[in-house]
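Student: Take this structure, written in structure tokens, and hold onto it; I'll ask about it next.
The values are calculated or read from the model by the stated rules, or taken from the named source; none is laboratory data. Just so it is clear, the structure is predicted and the values come from calculations on it, not from any experiment. A quick note on method: Cβ atoms are made from the backbone with ideal geometry, for glycine too, and the neighbour counts reach across all protein chains shown.
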Amino acid sequence: MHRRRHYIYPDTNSLISAFCCECATFLEESRELERPIHIALSGGSTPISIFKQLAETTLLEDWKQVHIYWGDERCVEPDHEESNFRNAKTYLIDPLGIPENQVHRIRGEEDPAVEAERYGVLLRDQLPVEYGSPVFDWVWLGVGEDGHTASIFPDQIELWKAETTCVVATHPESGQPRVSLSGGVINAARRISFIVAGARKSAVINDIVMKEGRYLDYPAFYVNPNSGNLEWYLDKDATDWL
Ligand code: 6PG
């Protein structure tokens, strides 16, 4: 059953709080599964507020089955201010004391092509594999103003359909190399949630949701999980076209 849902909140704080409540519910329900739970975190700045709130509102016990991964990583040192891992470590992992063996970072400091290959092998070892793809229980995604998601950018949209589990991408403005999940792995997830806030995202969200403008050029448009389980967590500023 396809369950594409849009949740729109009056402001960013209520969006973050609602998503954190959903996380708490997910963690509680996952405990009945009695198996490891695999979540891929999104990068960028939006999830930082989520990490901070989860660190305050959940307990280490809640995360005892959870294995943390990333949808993408900037090819920088793990302690670099632009590292997606660093943000999660600073605001979620360390405050809760989530054990290292449950945290599987993309090694931004390594050669991108070598790391993309290594991470792909790791995902295939750690996650269930269905129809050739490692399957995450939950993938969190953001959307860039240019319609990118994870680190698949419009000028490299062919990477979305890459046969490999992970790909090496390049930020179109900075030239910064990135390692990213490919579109097939993202869409293999049992559940995908976009978390998007702010007026600067309004135009791209309008185009994607309403299939207007250059939506076909936007990698985020192609997020369409085989499970049908896709959610948009949005604030009002990101949907002022509604
Ligand atoms: C990254 C992300 C990227 C991000 C969007 C939104 O590494 O930058 O994974 O896809 O989610 O660019 O970023 P903001 O939350 O900072 O707007």
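Student: Using the structure shown, decide if Thr165 is within 16 Å of the chain's Cα centre (by Cα) and away from the ligand (no atom under 15 Å from the Cβ).
Tutor: Yes: the conditions hold for Thr165.
Student: Of the residues in the range 82-106, how many are of a type in the set (Asp, Glu) and either at pLDDT below 95 or more than 17 Å from Ile37 (Cα to Cα) (or both)?
Tutor: Total meeting the criteria: 2.
Student: Would you check which residues across the range 92-144 are within 16 Å of the ligand (Cβ to nearest atom), over 16 Å from the mean Cα position of the chain (by Cα) and under 29 Å from Ala238 (Cβ atoms) and list them?
Tutor: Gly108 - this is the single residue of the range 92-144 that is within 16 Å of the ligand (Cβ to nearest atom), over 16 Å from the mean Cα position of the chain (by Cα) and under 29 Å from Ala238 (Cβ atoms).
Student: Report whether or not Leu33 is more than 30 Å from Ser174 (Cα to Cα), of a type outside the set (Val, Ile, Thr) and modelled with pLDDT of 95 or more.
Tutor: Criteria not met by Leu33.
Student: Look through the range 108-150, keep the residues that are in contact with a Cys (Cβ under 6 Å, 6 or more places away or on another chain) and in contact (Cβ under 8 Å) with a residue 60 or more places away in the chain, and return whichever of them is surrounded by the fewest Cβ atoms within 10 Å (Cβ to Cβ).
Tutor: So the residue we want is Pro112.
Student: Further question on the same structure: Would you point out which residue out of Trp232, Trp241 is among the aromatic types (Phe, Trp, Tyr) and surrounded by fewer than 16 Cβ atoms within 10 Å (Cβ to Cβ)?
Tutor: Only one candidate qualifies: Trp241.
Student: Could I ask something else about it? Out of (1) away from the ligand (no atom under 11 Å from the Cβ); (2) surrounded by 21 or more Cβ atoms within 10 Å (Cβ to Cβ), what's the single condition that is false for Phe153?
Tutor: With (1) away from the ligand (no atom under 11 Å from the Cβ); (2) surrounded by 21 or more Cβ atoms within 10 Å (Cβ to Cβ) applied to Phe153, the lone miss is (1).
Student: Something else now. If I ask for residues that are touching a helix residue (DSSP H, G or I) at 6+ places or on another chain (Cβ under 6 Å) and more than 9 Å from the ligand (Cβ to nearest atom), which ones from the range 35-49 would you list?
Tutor: Those that are touching a helix residue (DSSP H, G or I) at 6+ places or on another chain (Cβ under 6 Å) and more than 9 Å from the ligand (Cβ to nearest atom): Ile37, Ser49.
Student: Looking at the range 200-241 only, could you name the residues that are more than 21 Å from Ser182 (Cα to Cα), among the aliphatic types (A, V, I, L, M) and in contact with a Lys or Arg (Cβ under 8 Å, 6 or more places away or on another chain)?
Tutor: The answer is Ala238, and nothing else.
Student: Of all residues in the range 168-183, which are within 12 Å of the ligand (Cβ to nearest atom), of a type outside the set (D, E, K, R) and crowded, with 21+ Cβ neighbours inside 10 Å?
Tutor: Selection gives Ala169, Val179, Ser180, Leu181.
Student: What do you reckon, is Arg190 of a type in the set (Lys, Arg), out of contact with any strand residue (DSSP E or B) (no Cβ under 6 Å at 6 or more places or on another chain) and under 29 Å from Ile37 (Cα atoms)?
Tutor: yes
Student: Right, here's the next one. Before we move on, is Glu56 of a type in the set (Asp, Glu) and within 18 Å of the chain's Cα centre (by Cα)?
Tutor: Here the answer is no, as Glu56 does not meet what is asked.
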